[in-house]
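What follows is a set of notes on a single structure, which appears directly below.
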């Protein structure tokens with residue numbers, strides 16, 4: 001019999017007063033905007049600043065257009081790159097209770113058509129040209145809109161759909177209510193202690209949970225300013241210049257952003273002097289990057305952990321460092337399921353289940369995937385965590401653990417060791433099936449000039465147990481990435497299986 005531990009922290013009511021009073025996104029935002037209409041709300045990529053009054057006007061104008069052009073029961077596909085316009089449409093959809101699917105603005109016409117069929121879209125919102133004014137957009141009908149409308153499987157309380165990238169499996173549509181989104185904003189905003197004086201940097205796509213739920217919406221519902229930057233085009237020096245120019249106080253992003261900052265030459269510590277919070281999430285953070293950031297800029301780099309299905313789960317607010325994800329945030333209830341001795345060497349290792357008011361209801365038209373991840377009101381993260389009193393540590397996802405002759409190997413642990421080896425710039429570790437139907441560890445490496453495989457093998461032997469050592473190595477110019485910038489493990493696994501043979 002497996003043992004369970006159930007613990008719950010009480011949510012702090014220190015932020016989100018507007019949401020508490022009104023209970024929906026539009027009314028909450030309207031309250032904030034009317035209280036300080038001339039305060040800066042959004043600063044776009046090109047430096048254009050828009051006030052809360054201007055954004056509220058754009059929201060209301062977008063709502064009028066949607067009312068006029070959408071048919072009853074239409075689902076809106078939001079594929080807009082301009083952040084001001086994206087936010088205006090998102091809040092307009094919230095005002096009208098229109099189900100909205102957040103799509104990557106860079107999708108091809110064929111990919112948009114596939115998404116329209118997958119999520120039963122009736123209309124698609126896209127940018128009005130690259131030079132369009134803030135708030136301008138086009139509404140395009142989609143093929144077979146009548147059919148989509150007739151077969152729609154959305155529930156009355158559904159509001160928004162986040163589309164997963166499929167980095168570890170097939171893409172899915174995560175369905176959430178407006179109530180769940182407002183809960184996410186309240187809970188995470190409380191952890192950040194946001195005020196109207198904050199300036200928050202968002203260099204992530206708004207179609208992703210980290211960009212919209214973790215950064216943009218909490219900022220706007222707190223009366224603060226959100227500065228948008230195109231993360232894919234940033235350099236370390238450009239990122240530092242953005243922070244210094246706008247007086248950024250809070251930033252959260254992928255580990256690569258902090259790797260760029262620590263590697264950039266000629267960036268003085270004073271360039272980041274306005275920052276009070278630097279947060280890394282959406283991918284594992286190297287301890288070396290965390291330590292180097294603190295040394296160079298005198299500011300702790302805190303790690304956050306969450307899933308799009310529920311948003312933020314853990315935050316290293318007290319700063320344990322050393323790769324810790326901290327502890328569960330207030331309002332998240334968690335259950336720790338013990339794993340068998342065959343699955344872990346420590347009694348402190350557990351599989352994590354979570355639930356809370358920000359939990360999604362499941363995946364659109366995917367009952368098998370929903371049943372696999374959602375159990376009796378709990379989200380089965382399938383992540384194994386090492387539970388310590390001061391902070392937790394992610395050991396890896398159960399589905400990605402590699403079974404080597406009966407020994408469970410966590411890819412993240414192997415990757416962390418590889419990154420300590422000479423000449424290894426980046427890496428991805430997966431399991432591949434060999435001819436005996438067991439698994440081998442395969443590592444895809446991005447290497448530098450000092451790389452020597454025999455040296456790496458020797459160094460790994462000092463860091464890992466024998467069964468944790470990769471049997472295969474491949475060299476690549478770069479790791480495959482999802483649109484968000486995460487390692488695309490599905491593509492890595494496909495490459496390694498395709499190339500499987502004698503190994504290297």
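Secondary structure note: in the chain, about 65% of the DSSP beta bridges are antiparallel. Extension gain for residue 48 to residue 463 (0.36 nm times residue separation, less C-alpha to C-alpha distance): 144.4 nm. Take the convex hull of the alpha carbons in the range 401-498; its mean projected area over all directions comes to 6.3 nm². Helix 453-463 and the long axis of the chain differ in direction by around 90°, with both axes built from C-alpha atoms.
Taking 20 °C and 1.002 mPa s as the conditions, I'd like the Stokes-Einstein D for the chain in µm²/s, using the Kirkwood hydrodynamic radius from alpha carbon pairs. D = 90 µm²/s. Here the gap between residue 288 and residue 97, fully extended at 0.36 nm per residue and compared with their Cα-Cα distance, gives a gain of 64.2 nm. Distance between the 7 Å Cα→Cβ label points at residue 390 and residue 296: 2.5 nm. Ordering 383, 127, 146 from the fewest to the most neighbouring beta carbons within 10 Å gives 146, 127, 383. Label separation (residue 128 vs residue 34): 2.6 nm, computed from points 7 Å beyond Cα along the C-beta direction. Projecting label points 7 angstrom from Cα along Cα→Cβ for residue 117 and residue 57 puts them 4.3 nm apart.
Give, in nm to one decimal, the length gained when the segment between residue 494 and residue 146 is fully stretched (0.36 nm per residue of separation minus the Cα-Cα distance).
Length difference between fully extended and current span is 121.6 nm.
Descending by average beta-carbon neighbour count within 10 Å, the peptides 276-285, 73-82 line up as 73-82, 276-285, the highest first.
Expressed as an acute angle from 0 to 90° and rounded to the nearest 10, what is the orientation of the C-alpha long axis of helix 109-118 relative to the principal long axis of the chain? Between helix and principal axis, roughly 90 degrees. With respect to the chain, whose longest principal axis is taken over its alpha-carbon atoms, helix 287-297 is tilted by about 60°. Listing 489, 305 from fewest to most neighbouring C-beta atoms within 10 Å gives 489, 305.
Ordering 222, 454 by the number of other Cβ atoms within 10 Å of each residue's own Cβ, fewest first, gives 454, 222.
Every number here is computed from the coordinates shown, using simple stated rules; none is lab data. Remember, predicted model here, so these are calculated numbers, not experimental data. Reconstructed Cβ throughout: ideal geometry from the backbone, glycine too, with neighbour counts over all protein chains shown.
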